[in-house]
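The values are calculated or read from the model by the stated rules, or taken from the named source; none is laboratory data. Computed from a predicted structure; not experimentally measured. Cβ sites come from the backbone with ideal geometry, for glycine too, and all protein chains shown count toward neighbours.
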Amino acid sequence: MDQGQHEVSSSPRPKLSIIRPHQSIFHPSSAVSILLQAICHLFILSYSHHAATVIEKRHGESFKHGVTVRLSNPELFGPVGELFKSCTVSHQGESRSGFFGRRRFIPNMISNTVFIISCFQNTIIGLVNHVGIPYNGHILESSSFCFWLGASILFCIITATESCKPLNTILELSKFPNKQSKLLLLLLMIFDGTVSLIIDRLCIYCLDRDRWNAMMSPIILSKATEHHAADLEERLLREERRMNKNMLIAFGCVALWLTMQSFIP
């Protein structure tokens with residue numbers, strides 16, 4: 001996805017716009033958008049972690065044995081080490097520490113949520129903050145960008161709905177306790193992506209009206225210049241946008257079908 005975004009971001013428009021790119025990321029529209037998006041992402045990640053903790057305490061096993069501190073070589077610390085050593089031994093006298101003196105990783109609802117939400121947020125950040133028209137290529141003008149965008153979001157949905165349980169097993173994701181926990185994760189992803197996009201577009205509309213007008217202005221192809229190289233390239237890009245849009249629609253239909261299969265018996 002990063003490679004596709006780099007390629008389309010490095011491609012100038014066939015017809016250059018009279019609106020020039022900003023010379024600094026500290027332009028009000030960019031700075032305010034980035035700040036508000038960061039707050040949104042942190043809030044969603046924090047809330048999802050809190051919700052996952054509540055669900056794990058209610059349905060999981062992680063909090064039933066408490067939290068202990070372990071040392072890999074407790075004998076080096078004398079009496080204090082003996083005290084810590086008692087925290088690494090189970091009731092049957094077997095050590096529970098791993099190779100580095102840590103407990104073996106056991107997946108739970110918290111690790112599931114942080115992993116899936118982080119993957120989704122990384123995808124949304126690249127999507128929302130792509131500059132695009134009027135300065136360079138549109139998202140839909142790169143097949144590799146659209147493919148990996150759709151695949152990344154579909155991956156998050158598949159893991160959140162457990163549509164492919166072998167994949168969740170390979171990724172060491174724990175089983176979701178109920179359908180409500182899956183639905184909560186999906187709603188958080190939808191909310192995060194929607195709010196981030198609204199924030200970015202509102203900042204452009206309110207703080208950079210020239211760019212907004214250029215983004216919303218349709219590209220007009222004149223018959224008098226239909227054989228010019230710029231118009232020919234623009235027609236090819238329109239066809240590329242149409243095909244890539246259909247590809248994203250196909251990804252969306254697959255995601256919707258998998259979601260319905262997960263919630264409808």
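Entry remark, region 22-45: residues being among the polar types (S, T, N, Q) and within 15 Å of the chain's Cα centre (by Cα) number 1 in total.
Only one residue in Phe105, Phe147 is surrounded by fewer than 14 Cβ atoms within 10 Å (Cβ to Cβ), over 20 Å from Ser46 (Cβ atoms) and not charged (D, E, K, R), so which one is that? Write out each step before concluding.
Details: Phe147 fails: surrounded by fewer than 14 Cβ atoms within 10 Å (Cβ to Cβ).
Matching residue, one of Phe105, Phe147: Phe105.
Of everything in region 201-229 that's closer than 18 Å to Gly132 by Cα and among the β-branched types (Val, Ile, Thr), which residue is modelled with the highest pLDDT? So the residue we want is Ile204.
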